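So the structure is just underneath, and the comments pick up after that.
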Amino acid sequence: MNGRRILAAAVALTLLAGAMALPADPAVLMAGPLAAGLAVAVALAAGPRSARLGPVAAVAGGAASIAVTAWMVARAPGDGSEPDAVTGLWILLEPAMLVALVFMAVRWAPPRAAVASAGAAGAATALIVQRMLTGEPFLSLVAASALWTVPALAVGTAAWYLRWTVAERERTVQRARQEQRLRLAGELHDFVAHDVSEIVARVQAGRMVLAGDDPRLARLLEQVEAAGVRALESMDRTVNMLRDDEDASRRPVCGLDDIEALARRFAASGSAAVAVDRRLAREAGRENGAVAYRAVVEALTNVRRHAPSAETVSIELVEDEGWLRVTVADDGRAPARPVRASAGLGLPGMAERVERLGGTVAAGPREPRGWQVAVRLPIPDQGAGA
């Protein structure tokens with residue numbers, strides 16, 4: 001039994017012991033405090049994990065208090081006698097218990113249940129004062145109940161603020177986790193997958209150059225290649241789980257100036273010759289450069305995966321009437337059977353990034369053979385900044 005349940009049991013036992021040792025006069029005045037107090041004990045024991053029991057207890061406690069108020073107003077003794085100290089204690093205990101119910105309902109109950117249960121307990125608090133008023137004008141009765149509503153409103157506001165701060169903290173943590181997942185997904189796909197595909201390309205080159213007539217070496221290299229392809233497939237599934245429907249913007253890590261080094265690394269890792277043709281008269285902008293670099297990474301990665309027989313790869317970076325045009329083309333022949341069992345996430349992700357900047361992506365076969373990826377991005381005006 002945790003501390004909250006121990007406190008709930010202590011509240012219930014104290015109320016029951018007080019009712020037997022210090023009864024009110026008349027005894028009916030104990031009905032409201034006992035019902036509200038036992039409801040507090042139930043709500044405490046239920047805690048924030050109970051979506052039903054706590055609100056039900058609050059509604060039951062408020063309803064019992066309103067019933068006692070209605071009975072006493074209908075009875076209307078009006079003898080003007082002052083209650084003794086013990087009875088006065090019971091009278092003050094009831095609104096305190098009802099206010100506690102308001103706090104727990106607003107703090108823990110689901111939104112709709114919180115409104116109903118806190119409203120019932122708050123209304124009961126406001127109506128208690130009617131027991132002591134007889135023969136007063138209607139506006140005085142309304143004003144008195146409105147005044148007795150203030151504690152319930154104040155406590156409910158405090159509980160709502162605590163609830164909001166906890167929810168905001170959870171949202172902040174969730175946003176931080178989502179940003180971390182998106183960064184990890186981007187790094188996995190744009191860089192780690194690129195490196196793994198380089199390993200696969202080197203193994204493919206090794207099969208053509210080293211295996212020769214040695215079937216054992218050919219089999220070993222084939223197994224390594226298959227393991228690399230499976231790793232790429234597993235990475236795609238991992239990225240798919242990490243990504244959200246709306247990709248978050250990530251800080252650029254590379255740009256147009258890094259594409260030539262990327263091309264050299266790609267050429268060194270395989271047998272294909274890579275040519276970079278850069279014809280840019282002005283700066284294309286930092287965001288455009290980052291997206292263009294990622295597009296080239298994705299296109300070269302797809303060459304390794306889907307066209308290992310490619311002999312030449314051309315990369316063009318051209319300014320075309322206010323647009324940055326990035327084209328990656330190869331002369332590879334598609335394999336007889338698919339190298340991978342599932343489609344990758346690169347082209348859709350590339351299209352999302354390009355379209356976010358107002359550009360377009362086109363990918364498809366080229367004549368007489370091979371594949372081409374073309375990206376167009378609007379170059380910002382020099383006065384608008386990069």
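Taking the numbered list (1) hydrophobic (A, V, I, L, M, F, W, C); (2) at pLDDT below 80; (3) closer than 30 Å to Pro380 by Cβ; (4) open to solvent by 60 Å² or more (accessible area, probe 1.4 Å) in turn, Ala341 passes all entries but (3). Scanning region 296-334 for residues that are among the acidic types (Asp, Glu) and within 19 Å of Glu355 (Cα to Cα), we see that the one that is most open to solvent (accessible area, probe 1.4 Å) is Glu321.
Need the failing condition index for Phe103 against (1) at negative phi; (2) open to solvent by 30 Å² or more (accessible area, probe 1.4 Å); (3) modelled with pLDDT under 90; (4) not hydroxyl-bearing (Ser, Thr, Tyr), just the number. The failed condition is (3). Taken over region 277-295, the criterion of being closer than 25 Å to Gly186 by Cα and either open to solvent by less than 60 Å² (accessible area, probe 1.4 Å) or of a type in the set (Val, Ile, Thr) (or both) is satisfied by Ala284, Gly285, Asn288, Gly289, Ala290, Val291, Ala292, Tyr293, Arg294, Ala295. Going by the structure shown, is Gly18 at positive phi and at pLDDT below 90? No: the conditions fail for Gly18.
Conditions (1) at pLDDT 80 or above; (2) in contact with a Phe, Trp or Tyr (Cβ under 6 Å, 6 or more places away or on another chain); (3) aromatic (Phe, Trp, Tyr); (4) open to solvent by 50 Å² or more (accessible area, probe 1.4 Å), marked per residue:
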site: Glu355; (1), (2), (3), (4): yes, no, no, yes
site: Gly364; (1), (2), (3), (4): yes, no, no, no
site: Ala374; (1), (2), (3), (4): yes, no, no, no
site: Gly385; (1), (2), (3), (4): no, no, no, no
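State which residue pairs qualify: first residue at pLDDT 70 or above and inside region 228-242, second residue among the hydroxyl-bearing types (Ser, Thr, Tyr) and open to solvent by less than 100 Å² (accessible area, probe 1.4 Å) in any location, beta carbons under 8 Å apart, and separation of 6 or more residues or different chains. Between residues of region 228-242 that are at pLDDT 70 or above and residues that are among the hydroxyl-bearing types (Ser, Thr, Tyr) and open to solvent by less than 100 Å² (accessible area, probe 1.4 Å), the close pairs are Gly228/Ser197; Leu232/Ser197; Glu233/Ser342; Asp236/Ser342. Between Ala31, Ala46, the distinction of being of a type in the set (A, V, I, L, M, F, W, C), open to solvent by 40 Å² or more (accessible area, probe 1.4 Å) and within 24 Å of Gly122 (Cα to Cα) belongs to Ala31 only.
The values are calculated or read from the model by the stated rules, or taken from the named source; none is laboratory data. Values in this document were obtained by computation on a predicted structure and should not be read as measured data. Glycine gets a Cβ as well: all are built from the backbone with ideal geometry, and neighbour counts include every protein chain shown. Ligands, DNA and RNA are excluded from the accessible area calculation, which covers all protein heavy atoms including side chains. Shrake-Rupley method; radii C 1.70, N 1.55, O 1.52, S 1.80 Å.
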